[in-house]
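Note sheet for the following structure.
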Amino acid sequence: GLELRREDFYQKELSFQVSCSYGPGRYDPQHEEGAVDYPLPFVRWTEARNFSAVLQLMDEGRVDPLPLVSHRIPFQDATRAYDIITGDEPGLGIVLEYPEKVPEEVERGRSVQVSPNGSQPKITAASCGVVGVIGAGNFASRVLIPALKEAGAILHTVVSSRGTSGAIAARKHGFLHASTDPATVFNDPEIDTVVIATRHDTHAEYVLKALEAGKHVFVEKPLALRMEDVDRIEEALEGSDRILCVGFNRRIAPLTVEARAALAGRVGPLVVNITVNAGSLPDDHWTKDPRVGGGRLVGEGCHFLDLARFFVGHPIVEVQVTSASDQAGVEIEDVSVINVSFSDGSIATIQYLANGPRGFPKERVELFWDEKAIRVDNFRSIEGWGVTVKGRGGLLARQEKGHGALIARFVEDVRTEKAGPIGRAEILEIGRRTINLSGHEEAGRGEG
């Protein structure tokens, strides 16, 4: 509905420009997420410089945002805020205020956490499983943190890059502290365990800092994006009694455990077929950025490489990746077949496919050995041929991929000073073989 006349602007030498919210760089992932700023001589006020300048002016007291607040409304009356916005009552800045319930021990400077049974264990020098979580995205908030809580871990500090998600997670799950600085987790002597759920390019750095600080580590997959980082992690583990666990939950899913038990006494080689109907992602999704996510085969395909390794129970000898290509001859990384050979003569084929239909099952695992076979569909049903499994084709009440079970094992191993749910040698082996997936010309090179 905007009507402008060229004559008005021409005669008075005026210009009309619509600005992005916050300034140039808004909605540009390289600027906002990659921290690549525009050159100062070309763009004086970018989104980042605007924020920096305003924060500095606030700090100096030259800009006061508080007069913009026209209403402060308790969260339980939040609907009134919407009535003001949509009604006739004057309103400018409306702040929702949340209730703060601070335990007495926290006010005295001590750290407490309400455990699942309702008690409040105090953190002492002998406490184990005192957790700092770095990353408060959807997966951490919906899966990892609830699993930690269920396992009885003491939730101490949650860190998020932008603060808001961390503050929400802290209130919702009962963390004592929320922060935007990962150093608060590494440096706090009360925290003995670090859970890392950030983007893939930060995993290795945070694992190393946690190990150097003498803390147990649970890191979401992948372990690292560069071979030299896996080497550094291996060096940090030498002589350390700390547990390192990577979030390879599928190896501990109930149906995986049942299928693995059925393989006991296997004589001949095992053939593993895994089909993953991964679905498509936008080209600009961060997981497809080789610098940040490492690509989908590294970020997600490593799950299934580890699963095949778990079923076989022997080291990987070679990994080969074959990717489909588009009409221009450009490889499509997330439409690939991964062929794996093992030291005992077993083989595995992993089909990682982003071009399948939504209605097709997402994950299927097939095992063939000694004239026997097992099929696991979507981690909800299992069937056996020539071998007994629970109920031919019977369905679990819900899909169970083992997230909670792996976290529970990890927390229990921390408390009982065990070696951890996954052996170090396998973690490092899969870490290196995972990186092979990202460079097809490098696949299969190097020792596991």
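The values are calculated or read from the model by the stated rules, or taken from the named source; none is laboratory data. None of the values given here were measured: they were computed from a predicted structure. For neighbour counting, all protein chains shown are included, and Cβ atoms are generated from backbone atoms with ideal geometry for every residue, glycine included. Remember, those area values only see protein heavy atoms, side chains included, never the ligands or the DNA or RNA. Shrake-Rupley method; radii C 1.70, N 1.55, O 1.52, S 1.80 Å.
At-a-glance table
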item: Per-pair calculated FRET efficiency, R0 = 35 Å: PHE360 and TRP45 via Cβ, rounded to 0.05; result: 0.10
item: Accessible area of PHE310 in the full protein assembly, 1.4 Å probe (Å², nearest 10); result: 40 Å²
item: Full-extension gain in nm, ALA53 to ARG142, via 0.36 nm per residue minus C-alpha separation; result: 28.5 nm
item: Simple Cβ-charge dipole of region 280-418, Lys/Arg +1 and Asp/Glu -1, about Cα centre, in debye nearest 20; result: 640 debye
item: Accessible surface of the chain [probe 1.4 Å, protein heavy atoms]: carbon and sulfur percent; result: 51 percent
item: Between region 349-381 and region 256-283, the Cα center-to-center distance that results, in Å; result: 7 Å
item: Tensor-based shape of region 214-287 (alpha-carbon gyration tensor, a/c under 1.5 rounded, otherwise prolate or oblate); result: oblate
item: Cβ-derived FRET efficiency at R0 41 Å, ARG26 paired with ARG5, nearest 0.05; result: 0.90
item: Unit Cα scatterers, Debye sum, region 317-392: log10 I(q)/I(0) for q = 0.13, 0.14, 0.19, 0.26 Å⁻¹; result: -0.56, -0.64, -0.97, -1.16
item: Candidate lysines - alpha carbon under 25 Å from LYS418, same-chain residues fewer than 8 apart omitted; result: LYS122, LYS149, LYS209, LYS215, LYS221, LYS401
item: Electrostatic dipole magnitude of region 164-262 [Cβ: Lys, Arg +1; Asp, Glu -1; Cα centre; debye, to 20]; result: 620 debye
item: For the chain, built as a Gaussian network whose Cα springs stay under 10 Å, the top-fluctuating residue of GLY152, GLY431, GLY423; result: GLY423
item: Cβ-based net charge around GLY293, under 9 Å, with every Lys or Arg adding one and every Asp or Glu removing one; result: +2
item: Per residue value of the accessible surface for region 178-271 (all protein chains in place, 1.4 Å probe), Å²; result: 39 Å²
item: Rg(Cα) / (2.2 N^0.38 Å) computed for the chain, rounded to two decimals; result: 1.17
item: Förster radius 25 Å - calculated FRET efficiency between ALA264 and ALA425 (Cβ-Cβ, nearest 0.05); result: 0.75
item: Cα pair distances in region 228-386, grouped into 5 Å bins until the bin that holds the longest one, percent each; result: 2, 8, 15, 19, 19, 15, 12, 7, 3, 1, 0
item: Considering only the chain, percent of DSSP beta bridges that pair antiparallel, nearest 5; result: 55 percent
item: Max mean-square fluctuation residue, GNM over the chain, Cα-Cα springs under 10 Å, options VAL158, VAL69, VAL207; result: VAL69
item: Rounded to the nearest 10 Å², the accessible area of ASP229 at probe 1.4 Å; result: 20 Å²
item: The chain - mean residue ellipticity at 222 nm from DSSP helices (-39,500 (n - 2.57) per run, n ≥ 4, rounded to 500); result: -8000 deg cm²/dmol
item: Longest DSSP-loop-exposure-free segment, GluC sites (Glu not before Pro), the chain, at most 10 other Cβ within 10 Å; result: 101-237
item: Within a Gaussian network of the chain (alpha carbon springs, distance under 10 Å), most fluctuating of VAL335, VAL36, VAL130; result: VAL36
item: Charge context of LEU211, other residues only, Cβ under 15 angstrom, K/R +1, D/E -1; result: -4
item: Area of TYR98 that stays accessible when all protein chains are in place (1.4 Å probe, Å², to 10); result: 110 Å²
